[in-house]
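Participant: Following this message is one structure expressed as structure tokens.
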Amino acid sequence: MKKSFLLSMIFGIVLMMFIFAFFWKDIIPVLNKAELEFVIVAIFFYVLFILIWAERWRIFIEGQKPGIKEIFPVLIAGIAINNLTPLARIGGEPVRAYMLKIIAKIKFTKGMASTLSELVAEFLSQLLIVLISLPILFSLQTAPWLLTCFMFFALIYLLGGLMIINIQDELKIKKLFTWLSFKFRRFSIMRAKISKVFFSFQSALKTNLANKENLKKSLILSLIMKGFEILKIYAIFLALNYEISLLMCFVILSVTIIISVIPATPGSMGIMEGGLISFLIISGIPHGIAAAFVIIDRIITFWIPTIAGIILMHKYGITEKMLSLVISKR
């Protein structure tokens, strides 16, 4: 493992532990009264989310399509790698393509093309969720400064998306990356990899937009996936005996989307916990409920799939050295 990766992971874990230590006295009573059956329901919704994700991916796999049973473990491994990389989805896709080659005998190039096309559908659905959240925040009478912060990050997300779609001049893009490298050391470290991702993603986006049938199917499935994520959030709050509206769950989902794209620590460790707990508390949710929610949610969406993915990669003989080679192909 690279030293910078280990340092960022250690920093993320320490930050996460510090945050939970700060709220520990508030968390314990809430967790003691938590209803396990609703936690199981939340896990069920997350499993359904992954199953729909697998079906969405199948849309873009050319030729003989593998079954859900073959794709499901590949997705879990991909989620694990995404959770261990500082920038959302920069490592999981090539690993998914590689495992698909091992399990379903599909060429790496075809597998990679399918993951990029599928990523486009995810990006468009996330963009839609973030934009719809804005009027909801207005209707919930959110604090003006918090609304301003959310609008700022939503605007960056929107402008980033429009830039990816519309910038055609490769020289302009390279100049932009050079400027960002100069301004932000973290971007400088990952510049070459991000550049590859950008051009591959832009190419897949244009191809995907041209195939309206696949785009339509994938967007419908993407929205169903988001529905299961919202239900998962709702179920966790029910487990904590706290009443919350589905509209607020929708907004919470959009906040997690925005936080997850910040390239600070692997899997946004520490950043997600701190950012989401802060948002929930500012939104009027009690400290203990907010922190307990984040603990359960992260166990379901981060720790369980990460551990399961590592076990699956070990099962299929994928070593750390192989991972480095596969991810570098991106």
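Participant: Obtain the nm distance between the two label points defined at LEU247 and TRP24 by a simple spin-label model: each point lies 7 Å from its Cα along the Cα-to-C-beta direction.
Facilitator: Output for this residue pair reads 3.9 nm.
Participant: Quote the convex hull volume per residue of segment 277-316, based on C-alpha atoms, as a whole number of Å³.
Facilitator: On the way: hull volume 1.9 nm³, N = 40.
Residue-normalised Cα hull volume stands at 49 Å³.
Participant: Could you please tell me the mean projected area of the C-alpha convex hull for segment 232-321, averaged over all directions and given in square nanometres to one decimal?
Facilitator: Working: hull surface 27.0 nm².
The Cα convex hull of segment 232-321, projected and averaged over all directions, gives 6.7 nm².
Participant: With r defined as the distance between the Cβ atoms of LYS69 and THR148 and R0 fixed at 41 Å, what FRET efficiency is calculated, to the nearest 0.05? Don't skip to the end; give the middle numbers.
Facilitator: Numbers: r = 47 Å, r/R0 = 1.15.
Calculated value: 0.30.
Participant: Would you kindly derive the ³J(HN,Hα) couplings of segment 299-316 from the backbone phi angles with the Karplus curve 6.51 cos²θ - 1.76 cosθ + 1.60 (θ = phi - 60°), listing them in order in whole Hz, with x for Gly and Pro?
Facilitator: My calculation for segment 299-316 gives 4, 6, 9, 10, 6, 4, x, 5, 5, 4, x, 5, 5, 5, 5, 5, 4, 8 Hz in order.
Participant: Taking the number of other C-beta atoms within 10 Å as the exposure measure, put THR115, THR256 in order starting with the fewest.
Facilitator: On the way: THR115 25, THR256 20.
With the sparsest Cβ surroundings first, the list reads THR256, THR115.
Participant: Label-point separation (nm) for ILE102 and LEU36, each offset 7 Å from Cα along Cα-to-Cβ?
Facilitator: Spacing of the two 7 Å Cα→Cβ label points: 3.4 nm.
Read the figures in this text as sums done on the coordinates, not as results from a lab. No experiment lies behind these values; they were computed from the predicted model shown. Here the Cβ is made from the backbone with ideal geometry for all residues, glycine too, and neighbour counts use every protein chain on show.
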